[in-house]
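Derivation of every value follows stated rules applied to the coordinates shown; laboratory data play no part. No experiment lies behind these values; they were computed from the predicted model shown. Because the Cβ atoms are built from the backbone with ideal geometry, glycine has one as well, and the counts that use them run over all protein chains shown.
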Amino acid sequence: MTTTEHKHDHAHDHSHDHGHHQQSFFMKYMWSTDHKMIAQQYMWTGVFMACIGGFFAYCFRMQLAFPGIHVPGYGQVAPGEYNALVTNHGTIMIFWFAMPVLIAAFGNFAIPLLVGCDDMVFPRLNRLSYQVFLLSALILIASFFVPNGGFGGAWTAYPPLSANASYSMTTLGSSMWIVAVALEFVAFLMGGINFITTAMNSRAPGMKMFDVPYVVWMIVVASILFMCSVGPLIAGAVMLFFDQNFGTAFFDPSRGGDPILWQHLFWFFGHPEVYVVLLPAMGITAEIICTFARKKLFGYKTLLYSTFATGIISFFVWAHHQFIAGIDPRMANIFTVTTLIISIPIAEMMFLFIATLFGGSIRFHVPMLWALAFIGEFLLGGVTGIFLGASGADIYFHDTYFVLAHFHYTFVPIAVIGFFAGFTYWFPKMYGKMLNETLGKIHFWGTIAGFNLIFIPLFFTGAWGDHRRIYNYDHFPELTRPELQDLRIAATCGLLLMIASQAFFLINLIVSFSRGKKAPNNPYNGNTLDWTTPSPPPHGNFPHDNMPVVYRGPYEYGVPGRATDFWPQNEKA
Amino acid sequence: MIDWLVPQVSTFAAEIDNVVNLVGIIVGFWFFLTLGVFFYLIWRYRYQPGVPTTYVDGTNPKHKRFISIPHNLILVCDVILIVFAVKAWVHVKQTLPEPGDPSHADHHHGQGEQVDKVRIIAQQWAWSFQYPGADGKFDTEDDVKDVDELHVKRGFITHWELMSRDVLHSFSVPVFRLKQDAIPGRVVNGWFEATQTGTYDLQCTEICGLAHGIMLGKVVVETPEQRDLWMTAHALVGAAAPILALVLTPTQAFDMPTPAPTPTPNK
């Protein structure tokens, strides 16, 4: 479907070259309503924020491995700074890296191309969404530089610590943090409206609901989850902001408030949020696995229904973050049941991905390596969650490094591996150049080795009793044994390896942009509509007078009796 | 498996470790099985020139059962895990065993002849403790108060009440496998029974501000006689409580009004 606005603006340049409709720099980069441009802005903003988050991780891991050292590039990490570093590392990586890259960037880039339309349904809303997002990122960055530094009450921001400046000692930092987070949610609400509407209303003629590529479904379900869960947290954010600045007492127990209320509001959003970023990463993985294994997705509908089940159950598990937080202990039993039940649809999804490999012909190109790594690494993240969902075991594991290692084994595959999978997969389409495979593989193995070297030791330190958000374990006699310190140093070495490996990514980008082979329209012999347009697609994506028509599902690989092993969705029988 | 790393010093430590072990066995089985199948398929169906792919869409019941059988088995495993996790949880968190409680003695090898009481008060950034003294009641003349060190009797069921004076804290003693958040404005009740004498770490595991990283205490487990001796000696010091109150100001540490207890369901 072409939007009315779009027809007026750009109708004339669909059939011609871009040459005689050169937009000004401002219109092209600052005010563009083209979904591909907005996607790239989201992506590179997210990557930039990830660099900041990664730098924070480097600072506090150095401090943990070598307490009290002068961290190269930062200096000595004081206790208050340590708290601010871990808080903002978590906040950035989830809200300013995973969210913009997985939902906003890939959603914006892929949905119109995969469903075969020329742009998002609400291009201006899309633009506004990015501007608000950028504003939120700037506010967060600014909060590091105000007096007393950035907010240091953990990314969960439990009051009364976060609500009262005399407790947190970051008067301005904590207010700016909550404003930035709330604005970021507003941005993604606008993005979510766009993704759902576009995927539902702008599908190419002939594309039935079950002909929609899985990743589009995933982003739609993720957007619905986000929209249903974010309301309570925005309300909570307003209440927290009022408590901080206007002396209200929503969360202050001495004046009738309740600090536990915030935890419910936060985690009612916070748990579905995990699935909000997980689902797009799973969708990208599904696309890549089908394309490079030359296989039809195993049980498309089962996968879809499992996703819906995951989405629905994810609203009933939130209090497993609060087992020992002082809620009525009887509640823990109910949430143990729901938490373990959610393992079933997730396990089913993983099984279906693995079953898709059966009978395939697997090409180990870089995107496929990332997609396979996602499955392998996420499995470990998934199964370690059972230790924490089982209430009896959580009494010991809660707030230890075991929890930290568990959720990094879910979030790093989602955000980092998912990003690299999607980026390397769609890079030829985004920029019209092929990436260098050798550099890509070095980057892949370095990142994966580093990642595992960070977090496998941390499972053990957690089981050994290391609790979270401690800037120096020397004060705890039971935690000063040299074996524990060795594990901490190993984790820091893993981080350094992971960071160093990103150099190969950077080199790969430079080499590929400057001397990369020109990408054909369909470099991987894929079936989906994104591979039918030129690389990169022009403004409007598809030829104006020849919008795609869809005849079959997206994963018809290796159909018996055909000369080629693929069958594009828009090819007439 | 946890007891290889951290000793078990409470009656329920072994119970929690058993839940961890059970989860570890079940989850480990599924993890390595899935990963094994995953790597096998990757290797078996790698690209080989001239070998075509099989067209399988996963709707054939013959293929579907490879998903549906594991799916049902996982459901069974979940039920087993829920039963054992909830059982441990109910015992540790949802009950308050009294002396000679048959369920306590039978299943958990506790001696649990007598009850000892303590009030635990968390604040930025210290732990303080209040013992009820000879009359067994808090906030009376003979209360004994102390900071940083919690002295408990081995083989006694210790009933504690946990409160916070400012922000959230969390009372965690790894060797007891016990952890509980302290919430300002509420009293959380619980129990433990220490089984070995010694001095153990007490951690604050909920971020509580600037000095969260050094908010530590000690749990000293003593024989009942040693503890009584300590108590007698300390009662004299306790009489000099104003000195401690200076440490704990601004508001007076031990004269805070006791908030209404939240109901803890007993059994």
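Of all DSSP bridge pairs formed entirely within the protein assembly as shown, close to 70 percent run antiparallel.
Think of chain A as a dipole: +1 on every Lys or Arg Cβ, -1 on every Asp or Glu Cβ, centred on the Cα centre; then among A:F292, A:Q76, A:Y275, A:F292 lies furthest on the positive end. What shape does the protein assembly as shown take by its C-alpha gyration tensor, where a ≥ b ≥ c are the square roots of the eigenvalues and a/c under 1.5 counts as rounded, a/b above b/c as prolate, and the rest as oblate? In terms of gyration-tensor shape, prolate.
Between A:V71 and A:Q76, A:V77, the built amide H atoms are under 5 Å apart, and every one of these is 5 or more places off in sequence or on another chain. Just report the Cα centroid separation between segment A:205-229 and segment A:130-170, whole Å. Using only Cα atoms, the two centres lie 34 Å from each other. Taking other C-beta atoms within 10 angstrom as a stand-in for reagent exposure, B:D3, B:D181, A:D119, B:D228 fall in the order B:D228, B:D3, A:D119, B:D181, fewest first. Please work out whether segment A:90-245 counts as rounded, prolate or oblate from its C-alpha gyration tensor, where a ≥ b ≥ c are the square roots of the eigenvalues and a/c under 1.5 means rounded, while otherwise a/b larger than b/c means prolate and anything else oblate? Prolate is the answer for segment A:90-245, as a/c is 1.5 or above and a/b outweighs b/c.
Put a plus charge on the Cβ of each Lys and Arg, a minus charge on the Cβ of each Asp and Glu, and nothing anywhere else: the dipole of the protein assembly as shown about its Cα centre is then about 3400 debye. Excluding B:R46 itself, calculate the net charge of residues whose Cβ lies under 14 Å from the Cβ of B:R46, where each Lys or Arg counts +1 and each Asp or Glu counts -1. Here the count lands on +4. Measure out, as a whole number of angstrom, how far apart the alpha-carbon centroids of segment B:145-219 and segment A:410-457 sit. Rounded to whole Å, the Cα centres lie 44 Å apart.
Each helix, a run of at least 4 DSSP H residues, gives -39500 (n - 2.57); summed and divided by the residues of the protein assembly as shown, these come to -17500 deg cm²/dmol at 222 nm. The residues B:S68, B:S170, when put in order of fewest to most other Cβ atoms within 10 Å, stand as B:S68, B:S170. Measuring how big segment A:31-532 is from its alpha-carbon positions, Rg and Dmax come out at 22.1, 68 Å. Between amide H atoms placed 1.01 Å from N, distances below 5 Å from A:W464 occur with no residue 5 or more places distant or on a separate chain. The phi torsions of segment A:468-476, fed into the Karplus equation with coefficients 6.51, -1.76 and 1.60 and a -60° offset, translate into couplings of 7, 6, 10, 7, 7, 7, 4, 7, 9 Hz, rounded to whole numbers, with Gly and Pro shown as x.
Relative contact order for segment A:31-532: 15 percent, from Cα pairs under 8 Å spaced at least 6 residues apart, divided by residue count. Only one residue of A:F97, A:G107, A:H467 has its Cα farthest out toward the positive end of the dipole of segment A:31-532, where Lys and Arg carry +1 and Asp and Glu -1 on Cβ, and that residue is A:G107. Angle, helix A:300-313 long axis vs. longest principal axis of chain A, Cα atoms, 0 to 90°, nearest 10? So the inclination is approximately 30 degrees.
Taking the fewest neighbouring Cβ atoms within 10 Å as the starting point, the ordered list for A:F387, A:F358 is A:F358, A:F387. Measuring against 21 Å, Cα to Cα, the residue pairs A:K295/A:K433; B:K87/B:K137; B:K179/B:K218 contain A:K295/A:K433; B:K87/B:K137 as the ones spanning a longer distance.
Counted by Cβ distance under 14 Å from A:Y551, the other residues give a net charge of +2, where Lys and Arg count +1 and Asp and Glu count -1. Simple rule: put +1 on each Lys or Arg Cβ and -1 on each Asp or Glu Cβ in segment A:31-532, find the dipole, and look at A:F358, A:I193, A:Y401; the Cα lying farthest toward the positive end is A:F358.
Across the cross-link table entries A:K301/A:K517; A:K296/A:K441; A:K441/A:K572, which are compared at the Cα atoms, the separations over 32 Å belong to A:K301/A:K517; A:K441/A:K572. Under 5 Å between amide hydrogens, built in the peptide plane, is the criterion, and for B:L202 it picks out B:G217, B:K218, B:V219 among residues at least 5 positions away or on other chains. Report, in whole Å, the centroid distance computed from the Cα atoms of segment B:1-47 and segment A:507-573. Rounded to whole Å, the Cα centres lie 43 Å apart. In a simple Cβ point-charge model (Lys, Arg +1; Asp, Glu -1; nothing else charged), segment A:31-532 has a dipole of about 1500 debye relative to its Cα centre.
The angle between the Cα long axis of helix A:437-463 and the longest principal axis of the Cα atoms of chain A comes to about 30 degrees, rounded to the nearest 10.
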